[in-house]
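Peer 1: Pasting in a structure now, in structure tokens, and then I'll have a few things to ask.
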Amino acid sequence: MDQSVDGGISNGNSWENAYATLQEALAYVEVYWVGQDEVLRIYVAEGIYFPTDDTDNTKTFQLFNNVEIYGGFPSGGGTYESRNWEVNQTVLSGNIINRAPEIVTDIDFYPQGNTNHVVTASNTEESAILNGFYINAGYAKGDGEANDGGGIFNSGGSPLLSDLMIIGNRSSRYGGGLANSDGANPHIFDVTFQGNYSSIGGGGMSNLASNPVVDKVKFIGNISAINGGGLYNSNGSSPRLQDVDFVGNLSRGGAGSGTFGGGGMYSAGGSPILTNVRFSGNMAVRNDARGGAILNNSSKAILTNVTVSANIAHFGGGIYTTQSNNQPEIRNSIIWNNKDNTGIGTANSSLRIIGSVVPQITYSLIQAHYPAGEGNMVGTIAENDPGFVYPILNFGVSPIFTGDFRLQSGSPAKSKGNQAYFVSGLVPDLGAVESDLDGNSRFVGVLEMGAYEIQEDLEEIIISVLPNQFKAYGTGDPDEFLYESSNNAVSLTGSLGRVSGEDVGTYAITQGSLSAGENYTLIIQEQVFEITKKPLDGVRLENQTFVYDGNSKSLTIVGDLPEGATVSFQNNNRTNVGNQQVIAIIKGADFITLMLNAELEISPADLTGITFESAIFEFDGTPKTLQVSGTLPVGTSVEYSNNGRTE
């Protein structure tokens, strides 16, 4: 697509013949491509594209399976390598009323006729890809779901949404930037949600009964009138967040009585998993709003290496958690220098707990708290200030977008984290996590608390993982994975881990909990652990003899087939007397194929119910014979010998 195209035949087969609008290309897709297995790629040059030429605000850019849409090409087109979506701004705009020639962000003055959903991703699979666009000026306002997802609306879809700036969209209900619902499980990668607004929940994004993967994402300056300025989760949603920033988002706390707030994130139910996440400068204001960073409303959230600082709320400036029977977990995390009605850095302003079920807190530093869990630091003494590079000390009445919450080299939180949380096979499984929020190695020496690792030049120790380590399917892992160290003078603690999985195949061996202490960094040489196919045992095919009865006979497997195994037979059917060899072939993706042989025999049946009796006849000059009595079975006949006499 290239709106600057001049001439050509507009069939989309080259930049010279490009369609002028994305809707033309999507119309082609809907008619000619839906249902095909091949992948279609659509390239879009910089410019502003609207979903309709008129003012029909129900029109949308619909995503389709096996269709990949890429923006960021220069005007006039170019190669895939020449695209730069941040420089060559390719904008999908819902501003169909004013049709401004630039990105608009004044969401308080959007006309209600703007497009309800700029993009729709409902009922798609991961083969539907949107990459390299700015999504702007949607205004979800109407009936039912028309109120959700001003930027992107996604009901039940699982597309890949990557390299996007979702900016300046609005909704009258949920998900100003993106609304996921009804089992939507998209993968959201390298996306920024900025300056979006919702009237109920999720200024940036909302999840209702949805479990997206959110990776390398920023929520900046989003607003919700009630809950979840950045992110709103409800109806059992359990998103998985890794390497995510929540900065300067705002919950306005709604009106009336209730538990409202969550400047950064609001969660009700479910079990969100947060790893390498920063919450800073978020606010929950007015109406006794709760949770400047997080309002955890009976949700089993699991926070690992999370930094929470410089957030503001009326109650619980950092985290406000209400629990009935769920127990959230806080691990390797720092909560410091937040503000609420009790002051800055108080126990309640750091972590306010409502209810009898308290969070499980380990290896963490929480200001004005000293939790009983393993590895926690004393948060009640000034000496344990984590030593942020640029902490926020002065709080105003607006969200804060400044601050640097990396740790200085002398931080008391240095090397105080627990590496064991990153061993594969645990719940949640964080075995694939290798870096911190900045993308630097998470395992330089002993890992730090919080979202960032301190960057220092440490002596390297090479860990040579031994090859040919394996197990048979269905059996347990070895007690430890074997390796050799380049420095045997340094004692190592812990053990190597591996990427989780139990199907036949290879799995990368990882650092696991192996550590040489805070003065060394381990370099793990690549090696894999193999799960091999398992021999099939406990099943057999036995010889069997049947007495002929006119019905077909066959052999069956003796023993229980393991799950995932199937059996097929060859030459396994016989009716008549005789014998034959039967072959059973047992296969399964995780098993070595087993071939069994046995003999199927049909033996003759005894004839019963048939009699042959003597008889005396009076001479009458005609031949006389004897006959058998009874019913002959099907397939039998009688042959007589010397059976005839006249005299």
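The values are calculated or read from the model by the stated rules, or taken from the named source; none is laboratory data. As the structure is a computational prediction, the values presented were derived from the model and not from experiment. Calculation scope for accessible area: heavy atoms of the full protein, side chains included, ligands and nucleic acids excluded. Shrake-Rupley method; radii C 1.70, N 1.55, O 1.52, S 1.80 Å.
Peer 1: If eta is 1.306 mPa s and T is 10 °C, what Stokes-Einstein diffusion coefficient results for the range 273-326, Kirkwood Rh from Cα pairs, in µm²/s?
Peer 2: 141
Peer 1: So in the chain, what percent of DSSP beta bridges are antiparallel if you round to the nearest 5?
Peer 2: Taking every DSSP beta bridge with both residues in the chain, the antiparallel ones total about 20 percent.
Peer 1: For the chain, what does -39500 (n - 2.57) per DSSP helix run (n ≥ 4), summed and divided by total residues, give at 222 nm, in deg cm²/dmol to the nearest 500?
Peer 2: -500 deg cm²/dmol
Peer 1: Looking at the chain, how many pairs of lysines come closer than 15 Å at the Cα, when each pair is eight or more places apart or spans two chains?
Peer 2: So the count works out to 5.
Peer 1: Restricting everything to alpha-carbon atoms, can you work out Rg to Rh for the range 225-296 with a Kirkwood hydrodynamic radius?
Peer 2: 0.97
Peer 1: Report, please, the projected area of the chain averaged over directions, based on the convex hull of its C-alpha atoms, in nm².
Peer 2: Value for the chain: 47.9 nm².
Peer 1: Oh, and also: Of all accessible surface on the range 224-383 at a 1.4 Å probe, what whole percent is carbon and sulfur?
Peer 2: 49
Peer 1: While we're on this one: What figure in square angstrom, to the nearest 10, would you give for the accessible area of Trp33 with a 1.4 Å probe?
Peer 2: 30
Peer 1: Would you mind checking the tilt of helix 22-32 against the longest principal axis of the Cα atoms of the chain, expressed as 0 to 90 degrees and rounded to 10?
Peer 2: That works out to roughly 10 degrees.
Peer 1: Oh, and also: Quick check: convex hull over the Cα atoms of the range 342-473, volume per residue in Å³, rounded to an integer?
Peer 2: 179
Peer 1: Please report the accessible area of Thr608 (heavy atoms, 1.4 Å probe, ligands and nucleic acids excluded) in Å², nearest 10.
Peer 2: Here the accessible area works out near 110 Å².
Peer 1: Excluding ligands and nucleic acids, what accessible area in Å² is computed for Thr532 using a 1.4 Å probe, to the nearest 10?
Peer 2: 40
Peer 1: How large is the accessible surface per residue of the range 1-126, computed with a 1.4 Å probe and reported in Å² as a whole number?
Peer 2: Result: 51 Å² per residue.
Peer 1: First check a/c for the range 346-400, with a ≥ b ≥ c the square roots of the eigenvalues of its C-alpha gyration tensor; if it is under 1.5, answer rounded, and if not, answer prolate when a/b is larger than b/c or oblate otherwise.
Peer 2: Since a/c reaches 1.5 but b/c is at least a/b, the shape of the range 346-400 is classed as oblate.
Peer 1: For the range 566-647, what size does the Cα cloud have along each of its three principal axes, sorted from largest down, in whole Å?
Peer 2: The principal-axis extents, from largest down, are 83, 19, 14 Å.
Peer 1: In square angstrom, what is the accessible area per residue of the range 355-431 with a 1.4 angstrom probe?
Peer 2: So the range 355-431 comes to 49 Å² accessible per residue, rounded to a whole number.
Peer 1: Counting only C-alpha contacts under 8 Å and six or more residues apart, can you give the relative contact order of the chain as a whole percent?
Peer 2: 5
Peer 1: In addition: Please compute, for the alpha-carbon atoms of the range 131-173, the extent along each of the three principal axes and give them in descending order in Å.
Peer 2: For the range 131-173, the Cα spread along each principal axis is 30, 24, 9 Å.
Peer 1: Okay, moving on. Per Stokes-Einstein, at 37 °C and 0.692 mPa s, what whole-number D in µm² s⁻¹ belongs to the range 148-253, with the Kirkwood radius over Cα pairs as the hydrodynamic radius?
Peer 2: It comes out at roughly 263 µm²/s.
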